[in-house]
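Heads up, the thing below is written out as structure tokens.
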């Protein structure tokens, strides 16, 4: 999606159909420019209009579709303003006939993936993730538990579901969470600010926590929210430089859905005799 941040025609330069003509010319070439610049197709154009000043007639004339009003919160350095102000009217202009279907998919289209498969978590999914890890024993000492274990595991799981790989990427994803998302993950509140766990805390928890318990918790959450797959693929791989106490290499068996590319289960085992 691309946002039209500003469109201004001064009164001295106004002439009939000028605004809609400018928007039409931009729409005609932006798809090719976007593809050349970012290497991905553009699906939708959007803009926000202040109804207290203008009614968005130029966007209606350019075949824009009004979606309604925003809730009135504005972007700030910390995320969004605490109090609602003037709502804005939203106009959109799809560049493809199936833009709505593509944007509403729970799994990101492969052409937009730059690494691992990614998904967008809903507010309900964020709130329920910590509950899945509530019964897991905390391996940390009491004085080092600045962040609840379910919160750390929920944030790490959500980051991996959204395509993050590695402790640094997970910590960066957590740091970019907005206040509302941090509240849903039940982050520790300090001086009216929700604090997220650091990279060292995430690493320490993931290294020491029981992996079997975490796997079972993720499976329970997956059963509640994952889409059904008519067919599954079962595949096994040998983990490089991973050996058990007898010096044998570790094998991982995975069950992955054909349609969703979701890993439904994983099982660690030793080599076959």
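Does the stretch 33-54 contain at least one residue that is in a helix (DSSP H, G or I), at pLDDT below 90 and either on the phi > 0 side of the Ramachandran plot or touching a helix residue (DSSP H, G or I) at 6+ places or on another chain (Cβ under 8 Å) (or both)? No, that holds for no residue.
Which condition number in (1) touching a helix residue (DSSP H, G or I) at 6+ places or on another chain (Cβ under 9 Å); (2) free of Cβ contacts under 8 Å to residues at least 12 places away in the same chain is the one that residue 223 fails? The number of the failed condition is (1). Can you confirm whether residue 48 is touching a residue at least 40 places away in the same chain (Cβ under 8 Å) and surrounded by 18 or more Cβ atoms within 10 Å (Cβ to Cβ)? No; evaluated as a whole, the condition is false for this residue. Each residue in the stretch 174-212 was checked for being part of a loop (DSSP other than H, G, I, E, B) and in contact (Cβ under 8 Å) with a residue 12 or more places away in the chain, and 10 pass. All conditions in (1) modelled with pLDDT under 90; (2) part of a helix (DSSP H, G or I); (3) farther than 16 Å from residue 92 by Cβ hold for residue 58, with the sole exception of (3).
To keep it simple, each residue is scored yes or no on (1) modelled with pLDDT of 90 or more; (2) within 28 Å of residue 39 (Cβ to Cβ); (3) surrounded by fewer than 18 Cβ atoms within 10 Å (Cβ to Cβ); (4) not assigned by TED's automatic domain parsing to the domain that holds residue 49.
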residue	(1), (2), (3), (4)
71	no, no, yes, no
82	no, no, yes, no
86	no, no, yes, no
91	yes, yes, no, no
111	no, yes, yes, yes
125	no, no, no, yes
144	no, no, yes, yes
161	no, yes, no, yes
169	no, yes, yes, yes
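The values are calculated or read from the model by the stated rules, or taken from the named source; none is laboratory data. All figures in this text were calculated on a predicted structure; none of them were measured in a lab. In this analysis, Cβ positions are derived from the backbone assuming ideal geometry, glycine residues included, and neighbour counts consider all displayed protein chains.
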